[in-house]
Ligand SMILES: [Zn+2]
């Protein structure tokens, strides 16, 4: 893939990452009257200004209600939320813990299965580790699950962060401009889809428990439907991952020339009809940095 023409093109179009661009076509609208249209594509300039991005409820308000509202919006109307996004990535630790909990329990169950595998001893015969009883196995899995949940949450964070870096790099290669902080906002909103991965993991756990020898001896085998549930869970987890990727891809396209408030700007931008909104957005940005 040749990146030279794109790089040359981006140098020609803007020098500063905060140069105001038409969000539709990338034309430099810096200094143009805000009540006019973009000379290149005709989109109203006011619609491209940073002030036009109000932020999602999750970005603006504390509490679980704005958060849940935004998660629902992001899945139902992804483009609508992408148009609202500011360069103010919301905290999403709770989201990662909610999605990571079932994943941690799934990993714990898998670990127990590995522990319980029969291994041959040098003198002949075999030995295997055992939690002692079904109750012991359940307690062991729960404790391991709690220990592994932060690991799963951390892994989801690494994946989400990597996706944001990817968006910035791909965007630069294409000659467009997705700001790093906006990229993090995009992927954290798309990270709602990790919840599907958590639900999918939870659906696979009952079937995996059927392999536990202690469980089987004391409680009998798991019913056949748990296998079907596990297969459906695998599908749900896959859909979750693809939804996350899809949201990031939509963000890459939708926010390719998105403007964010310039934290170094003390005066008003020429194309800026709402001074208060701009100042407020700048303050928020500076607080985050
Ligand atoms: Zn334009």
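Odds and ends about this structure:
- Structural descriptor for the range 140-269: relative contact order 30 percent, calculated from alpha carbon pairs under 8 angstrom and at least 6 residues apart.
- The chain, relative contact order in percent, only Cα pairs under 8 angstrom and at least six apart counted: 26 percent
- The packing ranking, built from the mean of other Cβ atoms within 10 Å per residue, places the peptides 247-253, 33-39, 164-170 in the order 247-253, 164-170, 33-39, highest first.
- Once you reduce the range 47-71 and the range 193-213 to the center of their Cα atoms, the two points are 32 Å from each other.
- Segments 130-140, 111-121, 93-103, 149-159 sorted - mean Cβ within 10 Å per residue, highest first: 93-103, 149-159, 130-140, 111-121
- Taking 0.36 nm per residue of separation and subtracting the current Cα-Cα distance, fully stretching the chain between residue 129 and residue 250 would add 38.7 nm.
- Calculated FRET efficiency for the pair residue 97/residue 61, C-beta based, R₀ 22 Å, to 0.05: 0.60
- The helix-only estimate of mean residue ellipticity at 222 nm for the chain, built from DSSP H runs of length n ≥ 4 each weighted as -39500 (n - 2.57), is -20000 deg cm²/dmol after division by the residue total.
- Residues residue 227 and residue 158, FRET efficiency given R0 of 30 Å [Cβ-Cβ distance, rounded to 0.05]: 0.45
Quick note: the coordinates plus some simple rules give every number you see, no bench work behind them. A quick note: this is a predicted structure, and the numbers were derived from the prediction, not measured. Reconstructed Cβ throughout: ideal geometry from the backbone, glycine too, with neighbour counts over all protein chains shown.
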